1. So B:Glu58 clears everything in (1) surrounded by fewer than 17 Cβ atoms within 10 Å (Cβ to Cβ); (2) assigned to a helix (DSSP H, G or I) except one condition, right? Which one?
2. Has region A:104-111 got any residue that is in a helix (DSSP H, G or I), surrounded by fewer than 12 Cβ atoms within 10 Å (Cβ to Cβ), modelled with pLDDT of 85 or more and under 29 Å from the mean Cα position of the chain (by Cα)?
3. Check B:Ala85 against each of (1) within 14 Å of another protein chain (Cβ to nearest Cβ); (2) under 25 Å from A:Thr232 (Cβ atoms) and name the one condition it does not meet.
4. Find the residue count for region A:240-269, including only residues that are more than 7 Å from every other protein chain (Cβ to nearest Cβ), part of a helix (DSSP H, G or I) and not small (Gly, Ala, Ser).
5. Out of B:Phe70, B:Phe60, B:Phe83, B:Phe75, I need the residue that is over 18 Å from B:Pro226 (Cβ atoms) and of a type in the set (Phe, Trp, Tyr). Which one?
6. Of all residues being under 20 Å from A:Pro271 (Cβ atoms) and in a loop (DSSP other than H, G, I, E, B) in region A:5-39, which is farthest from the other protein chains (Cβ to nearest Cβ)? Just the residue, please.
7. Might you check whether a residue that is part of a helix (DSSP H, G or I), away from every other protein chain (no Cβ under 14 Å), surrounded by 14 or more Cβ atoms within 10 Å (Cβ to Cβ) and of a type in the set (S, T, N, Q) occurs anywhere in region A:40-59?
8. Check B:Asp228 against each of (1) more than 14 Å from chain A (Cβ to nearest Cβ); (2) farther than 28 Å from B:Phe137 by Cβ and name the one condition it does not meet.
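The values are calculated or read from the model by the stated rules, or taken from the named source; none is laboratory data. This structure is a prediction, so every number in the text was calculated from the model and none was measured. Virtual Cβ from ideal backbone geometry, glycine too; neighbours counted across all protein chains shown.
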Amino acid sequence: MSAFIVKRLAKALFTIWFVLTLVFLLTRLTGDPTTWLLPDDASATVRAELRVSLGLDRPIVEQYTDYVSALFTGDMGKSYHYLRPVGELFAERAGPTLTLAAISFALAILFGVPIGIIAAVNRNSLLDRFTMGISIAGYTIPSFVFGILMIFLFSLQLRLLPSGGMSTPLHYIMPLLTLTVDSVANIARLTRSSMLDVLRQEYLDSARAKGAGERVVIYKHALRNALIPVVTVIGLHLGTMIGGTVVVETVFAFPGIGSLLVTAAQYRDFPVIQYGVMIVATTVILVNLLVDLSYGLLDPRIRDNF
Amino acid sequence: MRIKSYSIPTFILVLIISFLLIVVLSILAPVFFPIDLGATKLTARLLPPSFMEGGKAEFFLGTDNLGRDFMIRLFYGTRNSLFIAFAGLVISAVLGTLLGVLTGLYKGLLDSIVSFLVDVKLSIPSLIISIVCASVFGSSKLIMILIIGLTGYPSFTRLARGQTIQLKEANFMESSRALGASKLRIVFEHVLSNISSPMIVHATMKISSFILLESSLSFLGLGIQPPDVSLGLMVSAGRDYLISSWWLSIIPSVVIVLIVVQVSMIGDWLRDQMDPKLKNS
């Protein structure tokens, strides 16, 4: 087991390093940032000063080592656009985004998994058709469309909810709904199909033959096996959800990390982009590492083979 | 794929025909409506659709905030969105299938590199990759096509690799090798022809996610730039007029959903035809 953990950890760290280096190289490909940060008629001295102040005058290798060591020191340099330390910008905006993502992630699992199970057990019932209908809507309606429809309905027509910002808990309702609907749909659909696969298997009949009640068969014997692919996808889904917060924050003018990244991309604010990608990639990779390690809890056979 | 013509249910047939209609209309948009997308007519700003109060017959779906015919823009926007999604699809399908077949047939270093790259890709959300690319390379149609192509290939690679590994065990592959068939011949005549059906089904199912990615990027302002137009950009531009002229955002939204629903349902149906075991799952 511990050899497996070490191997997976090493691979995760290597992947993080690879992503960081790739982003560093990409952002250095485009030439001198002062050409788009300053007006065309700026003098050479002004350009040189800006380059020094942004640390772009140093050798590229030095910039790279600084950039990698920032992983541990947290000092990611100054934003080109806001001209403030990048760490500060992220610290200000991390709270709202984390709240949004964490609640949404929890809701997605809390609703998605049970809905999927109920739909699978009562296959082809009205409930099954209804939940699957909703889930098709969930993955065919893009989140920005869903968000705008909600603003139109709840903010402009019914005047129930604020359309943007984040000053009160009410401001969280529509962003949360928008972010969660798609995830609930995804997880419910997957749980349902995984559960259906397992429900067909013969070992459940032998459990029944041995006198286990239907409840025990479904929730103890079937569910544990059905959950393995679900857990994998929930891990991968975290990435999709982070992408989702970017869109949702833009729709609802929610001042979080997602909207920061969009602004950074528009202004080619590379330090912010680099830091953002680092946070996202590290989070997703570490969560997926945890997911891999959790298989052992779900299936003793995997645990023994570690 | 052994789909007999008479086995297509009417409902699916309607979906296919209506989707093809959208495709043809958007391809032919410049022929029917040869206009300059940047041209504005400020005397006719924000007119409602002709069937609503205050609408004019000359503008069927009304006009936008710069007085441009909304229906024509809708055709051009659909055209751009579909073009980018399809071109991205071709790149990701060809690249992904090729890598998948090669790594499936010949394990080794290439296989390790490709599977590492697939892992890397899966650890960063497509939208974040697109944001990085848009900020580095700027935004243009070509960049968007490349972004979609390069973020979309891993699922094709995985599928093609799995299918190829299964095929490798088949008797006819062994006979073909024994008869001295060249590597190229094996790839093109045996592998590609045998895995084409699942790949086509997968491609159909991927179109909708590419359309969604394109429209999301354009919505965020990182895709198609004005005065050019795409469905996502239209939704975004109409946002400021939700109170007075709601159709500017809602109509393109409905068009996006309509296209995605059509394509997904056609894809689902194709998959069920291919593999009845998957039905209802």
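1. Condition (2) is where B:Glu58 drops out.
2. Taking every residue of region A:104-111 in turn, at least one turns out to be in a helix (DSSP H, G or I), surrounded by fewer than 12 Cβ atoms within 10 Å (Cβ to Cβ), modelled with pLDDT of 85 or more and under 29 Å from the mean Cα position of the chain (by Cα).
3. Unmet condition: (2).
4. Qualifying residue count, region A:240-269: 8.
5. Answer to the check: B:Phe60.
6. Among residues in region A:5-39 that are under 20 Å from A:Pro271 (Cβ atoms) and in a loop (DSSP other than H, G, I, E, B), the one farthest from the other protein chains (Cβ to nearest Cβ) is A:Leu38.
7. Scanning region A:40-59 turns up no residue that is part of a helix (DSSP H, G or I), away from every other protein chain (no Cβ under 14 Å), surrounded by 14 or more Cβ atoms within 10 Å (Cβ to Cβ) and of a type in the set (S, T, N, Q).
8. Condition not satisfied by B:Asp228: (2).
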